[in-house]
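Visitor: Below is the structure I would like to discuss, written out as structure tokens.
Every read-out reported here was derived from the displayed coordinates using simple, explicitly stated rules and does not represent laboratory data. Bear in mind the structure is a predicted one, so any value in this text is a computation, not a measurement. Don't worry about glycine lacking a Cβ; one is built from the backbone with ideal geometry, like all the others, and counts go over all protein chains shown.
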Amino acid sequence: RVVSAATMANSKALLSTAILVSAVVAVTEGFAPIIPQKHLSAITHHDGVSSFAFPTASTTTTANKNSFDYHNPNSKGIRETTKLYMSDEKQGPSLVTAVFISAVLLFFIASLFLPLLDFATNAPRDTNLADSVITRQDDTGNKLKNYQSKFDELSPAKIQEKLSNLPVFYLSVSDGTSLGDKIYLSFNDAESAAKSSEGVVKVTTLDQVMYPLILKREATKTTNKTPAEVKNAKQSVESDGSSKSYSLIPATTAINDAKDMTLKDGDIPLFVVERLAFAGNDGRPEVPLFTEKGDALTSYERLQMGSSTLPKEPSIRTTSLLDVLESMEKGTRPAVGQLQLYGNADDVLKADEILSR
């Protein structure tokens, strides 16, 4: 069940209804300023859920995730309660004040309902978690080909949070002050490159390098966890528009498994398994996007052990990192926020080992 956009739309509608009640009350009181009035104020409370924490080997490794068949997920809804309050007033606002307040509130309500109507006209009714990701196997007549909703757009901060789930490896060169021009998803590939150069393999997370260095589109705030080489590279790009290019290198095994895919510079293949979902840290189901096909197969086999209804062979589709980022930025798939990136389990453990030195 796709919950993100629909739930948010319902919440907006409830909030607008509450405001509309207050507006009507204000207008009513404006026309009768002398007569004592009793009015109702509606307050709607929502219990929301939180998001993901910074990844560690224990939280990122797929072996520690509870997986399930998302044809029957048990997902949390938003609990809503409405309380009504009575109050006595001797005198309401003046007519001019009431009309002004009502006009402002009605404008606010209209701004809430316009995107809601857009969502209602664009969203197909028969969507599920499988539709949250754009894949290379989608045909031209796909039911979501023209889908786009502001409710499903992710903020830059949320996208960065998802990218932070992937460790990446780089070569530190020039006495540990410069960043090599290739950034690897695989530790083994980075180590092989280091043997033919004088570089040292180090690790960071993808959010630190994807937008500011690889795409050169937006700056990312540096923190005390940002490696010195990455800080220097960012400063060079931001201060003098450095023309140095950085490339994101997929694992060799991923390149072989996705040899039929056409990828742009800085892009990597991702693998998604039909009917496979994990229980997210916030209790909502999430669709895992694997950087290597082998991890996708392992997770499906683990799920298959506890189910007699799953096909023996999984259906694996392919997408790419840039396609997914564009979908998150523009909201071109329902529940795109429930996608989560997963690196190779061994690489995650290796990254944790390097960081702990």
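Visitor: Below 8 Å between Cα atoms, with a sequence gap of 6+, how large is the relative contact order for segment 153-300 in percent?
Guide: Values: 211 pairs, mean separation 28.9, N = 148.
Relative contact order comes out at 20 percent.
Visitor: Could you rank the peptides 147-158, 299-310 by their average count of other C-beta atoms within 10 Å per residue, with the highest value first? Write out the running numbers ahead of the final one.
Guide: Working: 147-158: 17.2, 299-310: 13.7.
Descending mean neighbour count gives 147-158, 299-310.
Visitor: Taking the Cα centre as origin and putting +1 on Lys and Arg beta-carbons and -1 on Asp and Glu beta-carbons, what dipole magnitude results for segment 253-324, to the nearest 20 debye? If you can, show how the numbers build up before the last one.
Guide: Values: 8 positive and 12 negative charges, 46 e Å.
Around 220 debye, computed over segment 253-324.
Visitor: When the chain is fully extended, how far beyond the present Cα-Cα distance does ARG357 get from ASN256, taking 0.36 nm per residue of separation? Please list the in-between numbers first.
Guide: On the way: separation 101, 0.36 × 101 = 36.36 nm, distance 3.25 nm.
Here the segment from ARG357 to ASN256 would lengthen by 33.1 nm.
Visitor: Follow-up question, since we're still on this one. Would you calculate the separation in nanometres between label points at SER174 and GLU329, each defined as 7 Å from the Cα along the Cα-to-beta-carbon direction?
Guide: According to this spin-label approximation, the distance is 2.8 nm.
Visitor: Here is a follow-up. State the extension gain, in nm to one decimal, for the chain segment bounded by LYS244 and LYS195, taking 0.36 nm per residue of separation less the distance between their alpha-carbons.
Guide: Numbers: separation 49, 0.36 × 49 = 17.64 nm, distance 2.28 nm.
Computed gain between LYS244 and LYS195 is 15.4 nm.
Visitor: Could I ask something else about it? Per the Debye formula with a single identical scatterer at each Cα and no solvent contribution, what log10 I(q)/I(0) holds for segment 155-289 at q = 0.10, 0.18 Å⁻¹?
Guide: The computed values of log10 I(q)/I(0) come out as -0.37, -1.10.
Visitor: As an exercise, identify the trypsin sites (Lys or Arg not before Pro) in segment 304-338 lying in DSSP coil whose Cβ has no more than 14 other Cβ atoms within 10 Å. Could you put the intermediate results ahead of the total?
Guide: Details: sites: LYS312, ARG317, LYS330; in loops: LYS312.
Passing both the DSSP loop test and the Cβ count: LYS312.
Visitor: Between ASN146 and THR298, how many nm apart are label points set 7 Å from Cα along the C-beta direction?
Guide: About 4.4 nm, to one decimal.
Visitor: Sticking with the crude label model, points 7 Å out along Cα→Cβ, report the distance from GLU274 to LYS221 in nm, one decimal please.
Guide: Going from the GLU274 label point to the LYS221 one covers 4.3 nm.
Visitor: Please tell me which of these pairs span more than 18 angstrom C-alpha to C-alpha: LYS264/LYS350; LYS158/LYS234; LYS182/LYS234; LYS150/LYS330; LYS259/LYS293? Working shown, then result.
Guide: Numbers: LYS264/LYS350 28 Å; LYS158/LYS234 21 Å; LYS182/LYS234 15 Å; LYS150/LYS330 7 Å; LYS259/LYS293 12 Å.
Checking Cα-Cα distances, LYS264/LYS350; LYS158/LYS234 exceed 18 Å.
Visitor: Based on the Cβ-Cβ distance of ALA157 and THR97, what FRET efficiency does E = 1/(1 + (r/R0)^6) give at R0 = 41 Å, to the nearest 0.05?
Guide: Details: r = 39 Å, r/R0 = 0.95.
That gives a FRET efficiency of 0.55.
Visitor: Moving on to the next point. Positive end of the dipole of segment 170-317, charges at C-beta (+1 Lys, Arg; -1 Asp, Glu), about the Cα centre: which of ALA193, PRO227, GLY180 has its Cα farthest in that direction?
Guide: PRO227
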